[in-house]
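Engineer: My structure is below; once you've seen it, I'll send some questions.
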Amino acid sequence: MSLAFTVSGLLVGVLVGLTGVGGGSLMTPLLTLLFGFSPATAVGTDLAFAAITKGFGTLAHRAHGHVQWAVVRRLCLGSLPAAAITIMVLKSAGELDGRWLHAIRVSIGVSVILTVISLLFRRQMLDWLARHPRFQLEGRSQRVATVVVGAVIGVLVTVSSIGAGAVGATLILLLYPHMKPAEVAGTDIAYAVPLTALAGLGHVWLGTVDWNLLLALLVGSIPGIWLGAQLSRALPERLVRGALATTLTLVAIKLVS
């Protein structure tokens, strides 16, 4: 079975390398729907997985100067307290019963749907914002909105392990439309590292991290990300993102049904 986990990590890693998204959005549903892990274990293990892989990604982006640290601080100001509070709520619930597990499963489905929307309609949202500049936030309102966005994603990531990728990047781009694509990617990965690390440690405390599963996923995903990055030069991004969005839509329907 560990071979199957490694192969799954490889396939998801290839998609991440191709598109820059899809890690949590695919990994968590895959663990619940295909391998039968409980939603709580799938979320906890995926968060630990994300903290490690995104940590390496941050080092690469930092070396190229692609991280806007002021934005990272604002996002963390909202996301880290929200993640800590969410973990405490989950801990106070004690043993996660069927209702909690169903709620986590539904939250995963909703997070996947938000990822699909951000994949398909990011360009349209940016075009609309460009045509209506009065809705572009600046100054204090922009800073406050960034903290609020961080808090929302903090809760979403802690409960579902999804949201710090495509959803986070889309919201950052809407708040800061003048940022370069590489800066958006670097900033999105950078704030996700402490968030997924804190949420992952919280799930370790909750006892919902499967360490053998985590190791098997890492063994497959690291070469998979490298392979996907190489393939991205040959395959049209629109085609790959469309296929990913279709797959995620079917996954979301299965999760919330």
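The values are calculated or read from the model by the stated rules, or taken from the named source; none is laboratory data. All values reported here derive from a predicted model rather than from experimental measurement. Cβ coordinates were reconstructed from backbone atoms using ideal geometry, including for glycine residues, and neighbour counts include every protein chain displayed. Calculation scope for accessible area: heavy atoms of the full protein, side chains included, ligands and nucleic acids excluded. Shrake-Rupley method; radii C 1.70, N 1.55, O 1.52, S 1.80 Å.
Engineer: Looking at the stretch 47-102 only, could you name the residues that are of a type in the set (D, E, K, R) and at pLDDT below 90?
Structural biologist: Listed by number, the residues that qualify are 54, 62, 91, 95, 97, 99.
Engineer: Does any residue of the stretch 121-139 turn out to be assigned to a helix (DSSP H, G or I), modelled with pLDDT of 85 or more, open to solvent by 50 Å² or more (accessible area, probe 1.4 Å) and basic (Lys, Arg)?
Structural biologist: There is at least one residue in the stretch 121-139 that is assigned to a helix (DSSP H, G or I), modelled with pLDDT of 85 or more, open to solvent by 50 Å² or more (accessible area, probe 1.4 Å) and basic (Lys, Arg).
Engineer: Would you list the helices (runs of 4 or more DSSP H) that sit entirely within the stretch 164-257 and hold 3 or more residues that are exposed (fewer than 15 other Cβ atoms within 10 Å of the Cβ)?
Structural biologist: 181-206, 211-231, 237-256
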